[in-house]
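Note sheet for the following structure.
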Amino acid sequence: MEAAILDAGWDELAARGYERLTVGSVGARARTSEPVLYRRWANKHELVLAILTHYRDTHPIAVPDTGDLRDDLIEHLTASSDARAPFFAIAAAATFNGLSVATGLSPMQLYEGAMGEEAQSENRPVYQLAARRGELDLATVPPAILAMPYDLIRLDMLMNPVPVPAERIRSVVDELFLPLIQPYLTAARSK
């Protein structure tokens, strides 16, 4: 039943936005009563955070394994952009229309909470695969370099909540990320 409520909550959040969503409107869309929701979530913002987390968990992003960090990263950023564009549009609107104030959390804290481990660059499966193949020494790469391609694509989606064009993703990887990561690729291969 919780999954059905959270799915209905996503639909309600997408249709009405954070500011017009109520616990009662989610209950009505889920065909249950408002008290049922209040037994599980104390207030609207707790419910919205659960809705965002549920959406993320039920829309996983496939992890490519092409055998090459560049190709894996392009495929993963593309899949992430395609899958997360609606999420970012709705989450950003909620954040800037009251969720941040209601929770006392910064937009970055809300992002990290909603995205879970996806927000931690060094844990990204693309980088883990590259490390296992010997392409990348994760212990030596500055976290800012690992975060950069994902941060830029996320920024693009926040500024224009649609999937990021393929040429932009290739540009981020080829013109920005690969030159920065090059010394760490060499270090990993020379061991």
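Bear in mind that the values in this text are calculations on the coordinates, not laboratory data. Note that the structure is predicted; figures quoted are calculated from it, not measured. Note: ideal-geometry Cβ built from the backbone for every residue, glycine included; neighbour counts use all protein chains shown.
Could you derive backbone 3J(HN,Hα) for segment 45-55 from the dihedral phi with the Karplus parameters 6.51, -1.76 and 1.60 (θ = phi - 60°), listing whole Hz in sequence and x where the residue is Gly or Pro?
Once rounded to whole Hz, the list reads 5, 5, 5, 5, 4, 5, 4, 5, 5, 4, 4.
Work out, step by step, the length gained on full extension between Ala102 and Ser171: first 0.36 nm times the residue separation, then minus their alpha carbon distance; give nm to one decimal.
Difference between extended and current length: 21.1 nm.
Testing the spin-label approximation: label points 7 Å from Cα along Cα→Cβ at Leu155 and Ala83. State their distance in nm.
2.4 nm
Distance between Cα centroids, segment 1-78 to segment 157-176: provide it in whole Å.
Result: 24 Å between the Cα centres.
Could you tell me the calculated FRET efficiency between Ala14 and Tyr38, based on Cβ-Cβ distance and R0 = 25 angstrom, to the nearest 0.05?
The value I calculate is 0.65.
State, to one decimal in nm, how far the label point of Ala62 lies from the label point of Ala28, with both points 7 Å from Cα in the Cβ direction.
4.0 nm
Report the net charge of residues surrounding Leu21, where surrounding means a beta-carbon distance below 12 angstrom and charges are Lys +1, Arg +1, Asp -1, Glu -1.
Taking every Cβ under 12 Å from that of Leu21, the sum is +1.
R0 = 25 Å: FRET efficiency of Ala147 with Thr53, Cβ-based, nearest 0.05?
Given R0 = 25 Å and the Cβ-Cβ separation, E is 0.75.
What list do you get for Ile51, Ile145, Ile74 if you sort them by fewest beta carbons within 10 Å?
Listing Ile51, Ile145, Ile74 from fewest to most nearby Cβ atoms yields Ile145, Ile74, Ile51.
I need the trypsin sites (Lys or Arg not before Pro) found in segment 1-75, filtered to DSSP loop residues with at most 15 other beta carbons within 10 Å of theirs.
When the trypsin sites (Lys or Arg not before Pro) of segment 1-75 are filtered for loop state and at most 15 Cβ neighbours within 10 Å, Arg20, Arg31 remain.
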